[in-house]
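The values are calculated or read from the model by the stated rules, or taken from the named source; none is laboratory data. Being a predicted model, the structure only gives us computed values, none of them experimental. Virtual Cβ from ideal backbone geometry, glycine too; neighbours counted across all protein chains shown.
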Amino acid sequence: MTDLPLHPLVVHLPVALAALMPVLTVALLVAWRTGFLPRRTWTLAVALQAVLLLGGLGAAAAGEDDAERIEGAVAEAAIEAHEEAADLFLWGAGAVLALAAATLFVRREGAARTLAALTVVGSLGVLFLGYRVGHAGGELVYRHGAASALSAAPSGPAGGAAAERDDDD
């Protein structure tokens, strides 16, 4: 497998979806409004927003494990800033998922399109929140040395990759 921490491997799915969702939701809404695609295709937006949220929850869980490994080596304030930004991202992603899903259940076409338009706006907000999480994560890695702290920390019963490198000397 890999000796890399799980969090940076998992986090790219929700980040990529956060960047794609504004474009996708606009395209689906325009296609729906013009009659090119039926309303039920909005299900794709709901499904991908759910994947974004689930991926974010997985990244947060993996990040919790990594945070425990770097405590003491990295400023607590930097870790907390990243965690708080991630929490806001998850709440935003959940709210947008609720809006997108509600669109499928509203019977009035005009109200459903309004909810879809609000989903588009919300997806832009989630993109911004995702940027903030990524920026705080980048600060942890490049300014506060989280990568160095993780590579020096034991990662398993045998001491992880750092211990394996020490054994080779």
Query raised in the report: Restricting the search to the stretch 60-74, which residues are of a type in the set (A, V, I, L, M, F, W, C) and buried (at least 16 other Cβ atoms within 10 Å of the Cβ)?
Result: Ala60, Ala62, Ala67, Ile70, Val74
Query raised in the report: Within the stretch 1-23, how many residues turn out to be surrounded by fewer than 17 Cβ atoms within 10 Å (Cβ to Cβ) and among the hydrophobic types (A, V, I, L, M, F, W, C)?
Result: 9
Requested in this report: Report whether or not Arg107 is in contact (Cβ under 8 Å) with a residue 24 or more places away in the chain and over 23 Å from Val26 (Cβ atoms).
Outcome: no
Report summary line: Given (1) buried (at least 20 other Cβ atoms within 10 Å of the Cβ); (2) at pLDDT 95 or above, Ala98 misses just (1)
Requested in this report: Could you check Ala61 against (1) free of Cβ contacts under 8 Å to residues at least 12 places away in the same chain; (2) over 30 Å from Ala146 (Cβ atoms); (3) not polar (S, T, N, Q) and say which number it fails?
Outcome: (2)
Query - Filter pass, Leu53 being in contact (Cβ under 8 Å) with a residue 40 or more places away in the chain and aliphatic (A, V, I, L, M) - result: yes
Query raised in the report: Restricting attention to the stretch 92-106, does a residue exist that is within 30 Å of Leu4 (Cα to Cα), of a type in the set (A, V, I, L, M, F, W, C) and in contact with a helix residue (DSSP H, G or I) (Cβ under 7 Å, 6 or more places away or on another chain)?
Result: yes
